[in-house]
Amino acid sequence: MSSHRRETADFHISQSGEHAWLLHAESHELFQIKTKSGNSDGRESPSQDALMDVVHEDILRLKDTGYLSRLNRDRLEIASPLDGANLALNINLTSVCNLGCTYCFAEGGDYGRIKGKLNADTDLDSILGFVSENTVAGDAVRFEFFGGEPMMNFDAIEALCERSARMAEQVGIRFLYRISTNLTTRLSERELSLFERFGFTVSVSIDGGAATHDRNRPNLAGRGSFQSILQNCHRVRARSEAITLVARMTYVPLPESSLLGDVRELHAENIFDWFQILPAVVDDSFLKPVFGDTFAGKSRAEIDALCDDKVEAEYKKLSDAYLSLFRPDNRFKGVLEIETIIRMILLGEVANGHCSGGRKYFTFSPDKSVMPCHRLVGEPALQSGTFKAGVDAATTTEWRSSINQTPVCSDCAIRYLCSGGCKQENLVRSGNLNRPDPRSCRFQFRLVDSAIETIGRAGPDLLGRDRSVLNDLFVSCGRPTLNTDRAAKRPPRPELRSLVPLT
């Protein structure tokens, strides 16, 4: 069993089988709860109220000695909204795409409004000018090549890489390069060489094995795209270890689907360094393309409830099997979202926003708009600026609010890990950028539980891994995180009877 309810504003209890763990919201200190022998006698796991009674005296001791303090809240109080992440620009290269993905929020690449492509001259002048105005020597800047299918405007990718490399030499900026691609287009020496020379992260849209992927991501003629993608993935992997290859999976919770099964199919190829796995967000107009007649006759509320239960169950299966994916003979390094939360808990980090959207992450599109989020391209009311004028600071206020000033999240025990959820999803589901709905919250709790369960079960080698590379992989659209210096500020730990420290 795994809980996704909010116990109190101060603590979250995660349970899995006979094991239970306690997370302190304000410091991300994590403890294993000593429980009596689990379910071998057929008894149910203890309730969360019962577990809180078990640990009550230990919690009082930890608070009385100052071991549990308000590190996360206090760190955010002195932080700037721009702290914790590098400047990242999403380069929306073209409105053209060669696939017909069933759930595409970009409506085939043009977002219902955007036409054309970025040019490799004046448009890139504007982008590099924005970089120059918003960085200083020693900064790192990330380019996220996006679309449509970005490989269909490769001239602009190549030109921006070459020009940014010259800029880096001149002003001392470090550039990072990532592309989100379906990887179905032609791969010649030209493309492979660029990926290698610039150390690209190649994030490939691939949803699992052939049956799952071809159902979700057919080409425009309705034929499957899996085999062509997989062949190109192998070519990229064989090209160079300087290239990081990410399997970016969108999970569609059909009744017969198996998320773990699809992960295992891709894992067996032994070519992907990381996995990124998020459930599809399906609005009303996409229900039929995504689900077909699976939910015929059911209301939207009924469909959402069934899908949410399926997502919870499938991610739990993935969590239970997660450690088995780390093997000496496989290059798998982890699921990005889970590993990021593990790092935050182990190192004592606090999220300074769910993502960097409207803070240090902006999308540049062919219509010369600058948007705070790549999913909001084509929405004039949410535009942050233009190529010519830059970003209007007045448009970013809601994007830069602190979780300390978000009342709806004030009683949530994972608020300093999640920081209010994806703002675009909040807007779609609740009509407010800063009001997450229960469906989004439930998934964030599942991710946190997966991270906690992994910490609780993993050995020292896995826990001691260097996860600093995650800063360069743009997890959760560049979630800004801040170190609280937890280890240095800790007083001596009191004697505990029911809790075993894990951090």
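Each 5 Å bin from zero up to the one holding the largest Cα-Cα distance in the stretch 197-341 carries the following percent of pairs: 2, 9, 18, 21, 19, 15, 10, 5, 2, 1, 0. The calculated FRET efficiency for the pair Gln170 and Glu133, based on their C-beta separation and a Förster distance of 22 Å, comes to about 0.90. Calculated mean residue ellipticity at 222 nm for the chain: -10500 deg cm²/dmol, from DSSP H runs with n ≥ 4 weighted as -39500 (n - 2.57), summed, divided by the residue count and rounded to 500.
The charge dipole of the chain, taken about its Cα centre with unit charges on the Cβ of Lys, Arg, Asp and Glu (plus for the first two, minus for the last two), comes to roughly 320 debye. A simple rule links phi to the HN-Hα coupling: the Karplus curve 6.51 cos²θ - 1.76 cosθ + 1.60 with θ = phi - 60°, which for the stretch 341-348 gives 5, 4, 4, 4, 5, 5, 9, x Hz, with x for Gly and Pro.
Between Thr201 and Tyr177, Arg178, Ile179, Thr244, the built amide H atoms are under 5 Å apart, and every one of these is 5 or more places off in sequence or on another chain.
When each of the peptides 494-501, 428-435 is scored by how many other beta carbons lie within 10 Å of its residues on average, the order from highest to lowest is 428-435, 494-501. Cβ crowding within 10 Å, taken as a proxy for footprinting-reagent exposure, orders Asp461, Asp10, Asp309 from fewest neighbours to most as Asp461, Asp309, Asp10.
The Cα-based radius of gyration of the stretch 278-404, divided by its Kirkwood radius, gives an Rg/Rh of 1.06.
Electrostatic tally near Ser430: other residues with Cβ closer than 11 Å to its Cβ, Lys and Arg +1, Asp and Glu -1, net +2.
Note on Gln231 and Arg186: the model spin-label points, each 7 Å out from Cα along the C-beta direction, lie 1.4 nm apart. Antiparallel as a % of all DSSP beta bridges within the chain, to the nearest 5? Around 40 percent of the beta bridges assigned by DSSP in the chain are antiparallel ones.
Shape analysis of the stretch 16-103 yields a ratio of the Cα radius of gyration to the Kirkwood radius, Rg/Rh, of 1.25. Each Cα pair under 8 Å and six or more residues apart adds its separation to the average, and for the chain the resulting relative contact order is 22 percent.
With only alpha-carbon pairs counted, each pair once and no self-pairs, how large is the Kirkwood hydrodynamic radius of the stretch 130-242 in angstroms? This gives a value of 15.4 Å.
Taking amide H atoms as placed 1.01 Å from N in the peptide plane, the amide H of Tyr251 lies under 5 Å from those of Leu278, Ala280, each 5 or more residues away in sequence or on another chain.
Annotation: amide H-H contacts under 5 Å for Ala88 (H modelled 1.01 Å from N, sequence separation of 5 or more, or interchain): Arg142, Tyr361, Phe362. Each peptide among 74-84, 284-294, 470-480 gets the average number of other Cβ atoms lying within 10 Å of its residues, and from highest to lowest they stand as 470-480, 74-84, 284-294.
With the simple model of a label 7 Å out from the Cα in the direction of the Cβ, Lys317 to Asp472 spans 3.6 nm. Projecting the Cα atoms of Ser440, Leu376, Tyr251 onto the charge dipole of the chain, computed from C-beta unit charges around the Cα centre, puts Leu376 farthest toward the positive end. Here the average projected area of the convex hull drawn through the C-alpha atoms of the chain stands at 23.8 nm². State log₁₀ I(q)/I(0) for the stretch 230-274 at q = 0.16, 0.34 Å⁻¹ as given by the Debye formula over alpha-carbon point scatterers of equal weight, solvent excluded. Here the Debye-derived log intensity ratios amount to -0.48, -1.30.
Footprinting exposure proxy ranking of His24, His56, His12, fewest other C-beta atoms within 10 angstrom first, gives His56, His24, His12.
Could you tell me the calculated FRET efficiency between Arg331 and Val428, based on Cβ-Cβ distance and R0 = 30 angstrom, to the nearest 0.05?
The computed FRET efficiency comes out at 0.25.
Taking 31 Å as the limit for the C-alpha separation, the pairs Lys288/Lys360; Lys388/Lys423; Lys360/Lys489; Lys115/Lys298 exceed it in the case of Lys288/Lys360; Lys115/Lys298. For the peptides 363-371, 247-255, residues were scored by their other Cβ atoms within 10 Å and the scores averaged per peptide; the highest-first order is 363-371, 247-255. Note on Glu18 and Glu77: the model spin-label points, each 7 Å out from Cα along the C-beta direction, lie 4.4 nm apart.
Values in this text are rule-based calculations from the coordinates and carry no lab data. Just so it is clear, the structure is predicted and the values come from calculations on it, not from any experiment. FYI the Cβ positions are ideal-geometry reconstructions off the backbone, even for glycines, and counts take in every protein chain you see.
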